[in-house]
Structure formats: structure tokens, C-alpha cells
Amino acid sequence: MSLTPDDVRRLARLARIAIEPEESGAVLDRLNRVLGLIDQMRAVDTTGIEPMSHAVEVVQRLRPDEARETNRRELYQSVAPAVEEGLYLVPKVIE
Amino acid sequence: MLNATLGELGAALAAKKISAVELARGCLERIERYGAALNAFISVDASHALERAKHADAKRARGEAQPLTGIPIAHKDILCTRAMRTTCGSRMLEHYTSPYDAHVVEQLERAGTVLVAKCNMDEFAMGSSTESSHFGPARNPWDKRLVPGGSSGGSAAAVAARLVPAATGTDTGGSIRQPAALSGVCGLKPTYGVVSRYGLVAFASSLDQAGPLAKSAADLALLMNAMAGFDERDSTSLDRPKEDYGRHLGTDVKGLRIGVPKEYFGEGVEPGVLRAVEAALRWFEGQGAKRVDIELPNSPLGVAVYYVIAPAEASSNLSRFDGVRYGHRAKAYSDLVDMYCRTRAEGFGTEVKQRILVGTYVLSHGYYDAYYLQAQKVRRLIARDFAQAFERCDVVLGPTSPTTAFAIGAKTSDPVQMYLNDIFTVSAPLAGLPALSVPCGFDQKGLPVGLQLTGNYFSEARLIGAAHRYQQETDWHLRVPQETPL
């Protein structure tokens, strides 16, 4: 199955990636090549096969529900593009 | 000393023939001489290296030395380090310095290694040639016009050129083994869960594993002894008893059942690669190993399955790069969503964006069952092929890559050509199995060929033992590239 320019616009919107009109042709071409490769596995009969979501079958480990991480907000926010008084700054979303 | 194995370096350090500071200086001199031409590193920190080396010498003087104390090392730039920035080869993280160290970094630091540099890599480990790096392509020391493989291409090139005696890499679809093969060094991808992923910037979480690159199989064992281990901060880290990855270094290969899959010796494999791998197979048979012909009928589908699952997981993992908490943020935007879109358009390169879009597609409404779920089912079929094979054999032998190193730029225009390079390496991570690559000769162009051994879960020590036995009788792993003479 081939993607259309509309599909690429939709995917780019979902993925939050701006694609300039002049690059969309090349993006479409490369995506269609990849999908051509991927299509090989669609014809395989997988009736009754359990999906394998992980490499090793292990049960999720749990730890006691107790607070133990120290507060490292300042350290972690030191690498952020814009912070003020302990808050991450983003463009205004509510008028 | 430059071509010495870690064991030999450790012995020289212990005998006071050389100090850790002298060793670090030696590496820094070689990096000065060859590093820029190979573009193997994104960051080099001489003062950090010398400070850590002094610390290692002091530790030794106090009688507290371990096998790796004073050994210089370079980490792939996807492993978080406080000492140097962690860029993942991306503009997105060009100026990012992590507030914490990865578990692998902590473990190797605790073992006394001396961090010298961070290695160039394909952007976010997405690639097989190190050409998608924001910092430019790394180059193959055997021929600088060629790629070193990828995505851990900087690590492989650095070890091959003897700039550092060992490096770390990460392997999601072959990113340790394929560059090891194309650059003529050894590399091991451990069983999934053996090495903690804490602090390893996530690409495809169900596949990612860190592992060592070094000159010899015995070196891989020494590095694994430090890198492996349970870590509660990674929910998929396996809580297993500590093991010695060198315990089979004295085991011979007599009676070892070597599975030879017909799918790994068919068309598409270069004649020079086949010749070298078949010669290695004959060597094992000559030592009393038993050849077992096997089939892995679903393995040819591995690349297709991998390029659904890995982009799907990547599209989810890389959603964290939004210009809010860390990394690049676009200068100009109209609103919040526009800021996300422009930040990601500017911060990510072509290959990364393409994989995010593919991943978004295969997970999207109406396509999930046909692509993502189907890929997970075929993934199980691939894992089952191996389970059946390991009822009849102990290791699976074949080429690591169908070709030797290719020219920079040769495969960048068509992603499918690049992806098909991973045909023999994607199966092990899909199944979660350990696999290593060791040099087994050269093709007619004088380029190194890699031999891949894949084993059952937790059989790393056996793989290392078999490769070590081979390296006691061959010297492919000790050959030094002509472009970076000692």
C-alpha cells in the first residue's frame, strides 16, 4: 500500500514534526520505499500466534510503595530551555 | 602497548611497567593524531581523562586495583555521563549534559576505567553507517572513504584505530556487531536484560542492549564482568547471580555443535565474506566441532519485522523531545503545538524523522493490527526458529554482515538498501539472544570480515570461549589498519 501526500501531512501532525512543502515529496518517496519493505511480513500466516511484545518473558517487578527519591528539581531543570521559579515555561495555551 | 589486549595492559599496569596516566596520555596522543580524520568522537576530555587516570594510579598504589583499573575507555554518546555532554549524535541534544550517569557508566567507573571520550554514532542509534550523525560521518580506519558501520561506528573505529583499547556500544538491530565486523574488531550484544538500560537514551526499549567493543574476545569477557548486573532502576533488568564471563576461556571447541543456517549463506552475501566465514567454519570443524545444518525459515523476514517494531517504539520514546524539559527548542513559533513541531523538525535529522513517521503510521488507528501486531507475531516465529535450532546445536554461526564496509554516501539515498545490511543481525535482538562478532579475515579489497556467533539465552561466556579459542590460533583481531599505523 502506498501513502499519499495527505497521509504524510496527517502523520506529521500526529508526530508533531513540521514538514515544509518542498521536502514533502522526498519524505513521501522514502516512506513508501520503507513500507514496501515492511509489506513482506504482512502475508505471513500468523493465525493462533501470540504477539511477542518483549524479548524476555518476565513479570513486572514491583517495589514497596514508599517515597524515597530525593527532590532534584533544580538539577533536572538546569538543562531545560526555559524555567522560572521552578516551572517549565511554554507558550501561552489559555487566554 | 597500543596493540595490547586488556589482559596485557592490566598485567603491565600491575607490574608498574606503565602507569594509568601514561596509558591515558598515549591514547590522547593517538586521538590527537588520528581522531579528527576518523571523526570517531563527539567529545574528548583530556583533563577529565588524566584526572581519572591519576585516581586509578592512586587506587592501585593503595592495593585496591581491579582488572580494569586504569584502562582507558570511550562510551557511545547515547550513554548518559555527567562528565561530558550526551548528544546521541543529534542536534536535539547537542548541548545536553546529563544530570546523572548511566548504570553502565557507573559500573565501568567503579571498575576503575578511565573515561577519555564519547563516541560518534548514528543519530539516536538509527542507522548502519554512522552517516546520520549530526556531527558528520565517522570514517573506517581501513579506508577513510568508507563507513565504519553503525550505529556504534565511532566506538568501532576508535578501537580499530587503537585510539582507545575498549569502548561501549549499544545494539538494537546490530549496532554493536555490524560496526565491529566492518571495522575489524570484536563486539558483543548480551542477552536482553543482562545489562541495565538505565541512562541509555531509549530508541526501541524491547530491543536495546548495551555491550562492549574491544580487540579480543577475552577483552569482551573482562568488560562484561564490569558491565553486567542487576539494577532496580531498569524494570527489565534481570536479577541473576553474578557470573564470570571469562569462565570458558580455557574450554576447547571439541564437540561444540555449530548450527549452520542455510539462510545465512545464500544470495546477497559477498563472495569475499562467504570465503572468510566458511574458512572459519572449517577451522572449528578441524578442532572437533560438529557442523549441524539448520534452518531459520523466518529469519529473512527479520528486517521487515524490525523496521516495524523499532520505529514504533522509537516514535513513542522520542516523543519526550518536545523542547520543554531538555534539548533544543526552536527560536520562532506561533503557539505551543507549533513550538513542538518546529523544535522536532529542527532538532531531528532525516532518518530519525522518517522512523518516527513510520512508527506513527504502524501504530495509528486502522493500521495497528496489520502492521504492529502482525510484526509482533512474526517476531515470535523468528524466536521460535532459534528455540528449535538450539535443541540441535549450541551456537549458530554465520556472517555478521552480508558485505564488508561500503563507501560513504553509497546507501543514503535509498533507506531499504541501508536496512538490508542488517539482515543477519536483527534476529538476535528480536529474539533477545546474545550474539558476538569477531574478525575472521579480509576480502579481496583488504577489508575486514566479521564472523557472528549467536547463542541461547545467557550463553555469552560460551560464545566468548569459542571465539577466544579461535583467536588463539588466528591473528585477524590483531591486525592494525594501514591508515592508522602504530
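None of the figures in this text is laboratory data; all of them are computed from the coordinates on show. All values derive from a computational prediction rather than experimental measurement. Backbone-built Cβ (ideal geometry, glycine too); neighbour counts: all protein chains shown.
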Please turn the phi angles of region B:437-454 into ³J(HN,Hα) values with the Karplus equation 6.51 cos²θ - 1.76 cosθ + 1.60 (θ = phi - 60°), one per residue in order, whole Hz, x for glycine and proline. 10, 10, x, 9, x, 9, 7, 5, 8, x, 9, x, 10, x, 9, 9, 10, 10
Report the one residue of B:A389, B:L373, B:G347 whose Cα lies farthest in the direction of the positive end of the charge dipole of region B:338-390 (charges on C-beta: Lys and Arg +1, Asp and Glu -1; origin at the Cα centre). B:A389
Under the definition of partner shielding as Cβ atoms of other protein chains within 10 Å of a residue Cβ, what is the mean value for peptide B:237-243? 1
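When Cβ neighbours within 10 Å are restricted to other protein chains, what is their mean count per residue of peptide B:405-415? Display every interim value, and only then the final one.
On the way: counts 0, 0, 0, 0, 0, 0, 0, 0, 4, 4, 6.
So the per-residue partner count for this stretch is 1.
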Taking every Cα atom in region B:1-91, find the radius of gyration and the maximum pairwise distance Dmax, and write them in Å. 14.0, 45
Of all DSSP beta bridges located in the protein assembly as shown, what percent are antiparallel, nearest 5? 70
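Where both partners of a DSSP beta bridge lie in region B:6-253, what percent of those bridges are antiparallel, to the nearest 5? List each step's numbers first, then the result.
Details: 13 of 19 bridges.
Roughly 70 percent of the beta bridges in region B:6-253 run antiparallel, per DSSP.
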Alpha carbon centroid spacing (whole Å) that separates region B:47-111 from region A:33-95: 26
Output ³J(HN,Hα) for region A:63-75: one whole-Hz value per residue in order, computed from phi by the Karplus curve 6.51 cos²θ - 1.76 cosθ + 1.60 with θ = phi - 60°, and x for Gly and Pro. 10, x, 7, 9, 5, 8, 6, 7, 6, 10, 4, 4, 4
Using only the alpha carbons of region B:6-253, determine the length spanned along each of the three principal axes and report them from longest to shortest in whole angstroms. 44, 43, 42
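Too long at a 25 Å Cα-Cα cut-off: which of B:K17/B:K215; B:K144/B:K331; B:K144/B:K411? The partial results should precede the final answer.
Details: B:K17/B:K215 21 Å; B:K144/B:K331 37 Å; B:K144/B:K411 16 Å.
B:K144/B:K331, as the Cα separations exceed 25 Å there.
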Mind checking which aspartates and glutamates have their Cα closer than 18 Å to the Cα of B:K16? Skip sequence neighbours fewer than 8 apart in that chain. B:E8, B:D57, B:E64
From the phi angles alone, apply the Karplus equation (6.51, -1.76, 1.60; θ = phi - 60°) to region A:32-39 and give each ³J(HN,Hα) in whole Hz, x where the residue is Gly or Pro. 5, 4, 5, 5, x, 5, 4, 4
Against the 2.2 N^0.38 Å rule of thumb, the C-alpha Rg of chain B sits at a ratio of 0.91
Using the Cα atoms of region A:23-95 to build a convex hull, what is its mean projected area in square nanometres? 12.7
Under 5 Å, built H, 5+ apart or other chain: amide partners of B:R291: B:I258
When B:C341, B:C27 are ordered from fewest to most other Cβ atoms inside 10 Å of their Cβ, what list results? B:C341, B:C27
Taking 1 over the mean of 1/r across every pair of different Cα atoms in the protein assembly as shown, what Kirkwood radius in Å do you get? 24.0
Nonlocal amide H pairs with A:V83, under 5 Å, H built at 1.01 Å: A:L89
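To one decimal place, what Kirkwood hydrodynamic radius in Å is obtained for region B:374-431 from all pairs of distinct Cα atoms? Can you show the working numbers first?
Numbers: mean 1/r = 0.0745 Å⁻¹.
About 13.4 Å, per the Kirkwood formula over Cα pairs.
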Charge dipole of chain A about the Cα centre (unit charges at C-beta), most positive-ward option of A:G36, A:N71, A:S2: A:N71
Return the tail of the calculated pair distribution for region B:197-239, meaning the percent of Cα-Cα pairs more than 17 Å apart. 40
Counting DSSP beta bridges with both partners in chain B, what percentage is antiparallel, nearest 5? 70
What residues qualify as long-range amide H neighbours of B:S43, i.e. H under 5 Å apart, gap of 5 or more or another chain, H built at 1.01 Å from N? B:K118
Relative contact order for region B:379-486 using alpha-carbon pairs under 8 Å, separation at least 6, rounded to a whole percent? 29
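Starting with the fewest neighbours, write out B:V21, B:V104, A:V56 ranked by other beta-carbon atoms found within 10 Å of each beta-carbon. Don't skip to the answer; put the middle values down first.
On the way: B:V21 19, B:V104 30, A:V56 15.
Placing the least packed residue first, the sequence is A:V56, B:V21, B:V104.
For a protection proxy built on the mean count of beta-carbon atoms within 10 angstrom, sort B:29-37, A:63-71, B:46-54 highest first, please.
Values: B:29-37: 16.3, A:63-71: 5.9, B:46-54: 18.1.
The packing order, highest mean first, is B:46-54, B:29-37, A:63-71.
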Could you work out, residue by residue across A:53-66, how many beta carbons of other chains sit within 10 Å of that residue's beta carbon, and then give the average as an integer? 5
